[in-house]
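I have placed the structure first, in the form of structure tokens, so that the comments after it can refer back to it.
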Amino acid sequence: MAETTTIARPYAQAAFELARADNALSAWAEMLNLAAAVAHDAQLAALLNSPRIARSQLAELFIGVCGERLTAQGKNFIRLLADNRRLDVLTEIAALFQVMRAEAEGVLEAEMISAQPVSDAQRAQITAALKARLNREVTLSVSTDASLLGGAIIRAGDLVIDGSARGKLAKLAVALNH
């Protein structure tokens, strides 16, 4: 995975710089998400690294599948990726682009996994607390996992808050073993 990220990072950075220069972060995010979905298609994925298909043919096929939802710059970006045989890293490029976009817009994606369903009031309270702690806008996605036994785990960028019963039991086991 690290290799894919290393390969994708300069392309994501280039796309981000183009998008920021044109004030089109949202449009580029949509284009990259579409292209990543197309690259993820099983039939097309089989062709991405095939030596039997010329790179220019692959690029035009890919652009044809995406249709008019790509701008001229988006089409050129796809051609560049095809020329360098990098269409297979579009999913990672799109993900890195989203991270850069969120950073530029001052928004942080946070994930909360709780043992029990979370009410809207609790969600709003947690979002407000994260916003105050991190000094950024926070978008919180919530899911449930009964294996946590109780409590929740919150991930926001590099910050991980493990308030789950399972996590507390694991800490207790480590403390008792030492």
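The values are calculated or read from the model by the stated rules, or taken from the named source; none is laboratory data. Only a predicted model underlies this, so the values are computations on that prediction, with no experimental measurement involved. Note: ideal-geometry Cβ built from the backbone for every residue, glycine included; neighbour counts use all protein chains shown. Quick note on the areas: whole protein, heavy atoms, side chains included, nothing else; ligands and nucleic acids left out. Shrake-Rupley method; radii C 1.70, N 1.55, O 1.52, S 1.80 Å.
Worth pointing out:
- All positions within region 9-63 that are under 16 Å from residue 76 (Cβ atoms) and charged (D, E, K, R): 17, 22, 55, 60
- Residue that is farthest from the chain's Cα centre (by Cα), among those in region 97-135 that are open to solvent by 60 Å² or more (accessible area, probe 1.4 Å) and among the charged types (D, E, K, R): 120
- Among the residues of region 6-50, the ones that are modelled with pLDDT of 90 or more, surrounded by fewer than 12 Cβ atoms within 10 Å (Cβ to Cβ) and not aliphatic (A, V, I, L, M) come to 4 in all.
- Some residue of region 40-62 being in contact with a Ser or Thr (Cβ under 8 Å, 6 or more places away or on another chain), part of a helix (DSSP H, G or I) and touching a residue at least 40 places away in the same chain (Cβ under 8 Å): yes
- Answer residue from region 136-147, given it is β-branched (Val, Ile, Thr) and under 18 Å from the mean Cα position of the chain (by Cα) and is modelled with the highest pLDDT among those: 142
- Taking first residues from region 154-178 that are closer than 18 Å to residue 114 by Cα and partners that are among the acidic types (Asp, Glu) and open to solvent by 60 Å² or more (accessible area, probe 1.4 Å), the Cβ contacts under 6 Å between residues at least 6 apart in sequence or on separate chains come to 155/111.
- Exactly one residue out of 53, 78 is over 21 Å from the mean Cα position of the chain (by Cα) and open to solvent by less than 70 Å² (accessible area, probe 1.4 Å), and it is 53.
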